[in-house]
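Notes to accompany the following structure.
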Amino acid sequence: MSRIGKMPVVVPQGVQVTITQGKVTAKGPKGQLEQPLPDGIKAELKDGKVLLTSAGGKELSAMYGMSRARVHNIVEGVQHGFTKVLDVVGLGFKAAIAGDKLTLNLGWSHPYDFFVPKGVTVTVDPKTQAITLTGADKDVVGQTAASIRAIKPPEPYKGTGIRYRGEHIVKKAGKTAAGVGGGAAGGGAKK
């Protein structure tokens, strides 16, 4: 059995949880989310806590822990929400938000327009060019951040591009560092 699945999900003050026909619905200040449960996993609300039980079986063991984590995420999301921060690093790289359109200038001949999905709020700090994504659904916020990062991932030589806040980029040595100590490789003409 999963140790995570056995832990109860505490329902905080101001959040309403309802369980109907294999579906857990949470409603709070940040919105309403629902999570379907796989067959063999049952949920019940007892003393302000959501308890999940599994019918057993090896294949349900992984689903048991995952279901509990996803129920916890929807309860956490409707109460506090989730945040991801992306840093735009590069000379002349800029980001701007207008409505639901994020415009990125990333050194190409044209700006790139990214349309933000519903449920995600985007803000851009004009000084640091940091893009902050917030929303109630952890999956949508994380996928939106990954899609924005995929537009121009950090390159390994200078580290320019879009990266997660706190992400460590392993930089490669350039051509000049690789040629040092190689001696006179390369080429004279044969006689």
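Taking the stated definitions as given, is D113 over 17 Å from the mean Cα position of the chain (by Cα), acidic (D, E), surrounded by 12 or more Cβ atoms within 10 Å (Cβ to Cβ) and over 13 Å from V89 (Cα atoms)? Show your work before the answer.
Details: over 17 Å from the mean Cα position of the chain (by Cα): yes; acidic (D, E): yes; surrounded by 12 or more Cβ atoms within 10 Å (Cβ to Cβ): no; over 13 Å from V89 (Cα atoms): yes.
It is false that D113 is over 17 Å from the mean Cα position of the chain (by Cα), acidic (D, E), surrounded by 12 or more Cβ atoms within 10 Å (Cβ to Cβ) and over 13 Å from V89 (Cα atoms).
One line per residue, one yes/no per condition, for (1) in contact (Cβ under 8 Å) with a residue 24 or more places away in the chain; (2) out of contact with any helix residue (DSSP H, G or I) (no Cβ under 7 Å at 6 or more places or on another chain); (3) surrounded by 18 or more Cβ atoms within 10 Å (Cβ to Cβ):
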{"site": "D125", "(1), (2), (3)": "no, yes, no"}
{"site": "T128", "(1), (2), (3)": "yes, yes, no"}
{"site": "T144", "(1), (2), (3)": "yes, yes, yes"}
{"site": "I151", "(1), (2), (3)": "yes, yes, no"}
{"site": "H168", "(1), (2), (3)": "no, yes, no"}
{"site": "A173", "(1), (2), (3)": "no, yes, no"}
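As a summary of the residue check, I151 satisfies the conditions (1) among the aliphatic types (A, V, I, L, M); (2) more than 30 Å from A69 (Cβ to Cβ); (3) at pLDDT 95 or above except for the one numbered (2).
Which residue out of G14, G31 is surrounded by fewer than 16 Cβ atoms within 10 Å (Cβ to Cβ), at pLDDT below 95, touching a strand residue (DSSP E or B) at 6+ places or on another chain (Cβ under 7 Å) and not hydroxyl-bearing (S, T, Y)? Reasoning before the result, please.
On the way: G31 fails: touching a strand residue (DSSP E or B) at 6+ places or on another chain (Cβ under 7 Å).
Every option except G14 fails the conditions.
Considering the stretch 57-95, and only residues there that are assigned to a strand (DSSP E or B) and of a type in the set (K, R), the residue that is farthest from K127 (Cα to Cα) turns out to be K84.
Hey, among the residues in the stretch 77-109 that are among the small types (G, A, S) and in contact with a Ser or Thr (Cβ under 9 Å, 6 or more places away or on another chain), which one's farthest from I148 (Cα to Cα)? Write out each step before concluding.
We begin by selecting, within the stretch 77-109, every residue among the small types (G, A, S); these are 77, 81, 90, 92, 95-96, 98-99, 107, 109.
Still in the running and in contact with a Ser or Thr (Cβ under 9 Å, 6 or more places away or on another chain): 81, 90, 95-96, 107.
Values: G81: 19, G90: 15, A95: 11, A96: 13, G107: 15 Å.
Among those residues, the one meeting the criterion is G81.
Remark: pairs (first residue in the stretch 10-21, under 15 Å from L33 (Cα atoms); second residue loosely packed, with under 12 Cβ neighbours inside 10 Å and of a type outside the set (A, V, I, L, M); Cβ separation under 9 Å; 6+ apart in sequence or on different chains) = G14/P29; V15/P29; I19/E44.
Restricting the first member to the stretch 42-68 and to residues that are under 21 Å from V15 (Cα atoms), and the second to residues that are surrounded by fewer than 19 Cβ atoms within 10 Å (Cβ to Cβ) and among the polar types (S, T, N, Q), the beta-carbon pairs closer than 6 Å and six or more apart or on different chains are K42/T53. Here L106 passes the criteria (1) loosely packed, with under 12 Cβ neighbours inside 10 Å; (2) at pLDDT below 95; (3) hydrophobic (A, V, I, L, M, F, W, C) except the one numbered (1).
Please verify whether the stretch 41-55 includes one or more residues that are surrounded by fewer than 20 Cβ atoms within 10 Å (Cβ to Cβ) and assigned to a helix (DSSP H, G or I). So far as the stretch 41-55 goes, no, none of its residues is surrounded by fewer than 20 Cβ atoms within 10 Å (Cβ to Cβ) and assigned to a helix (DSSP H, G or I).
The values are calculated or read from the model by the stated rules, or taken from the named source; none is laboratory data. These numbers come from a predicted model, not from an experiment. Here Cβ is always computed from backbone atoms with ideal geometry, including for glycine, and neighbour counts include all displayed protein chains.
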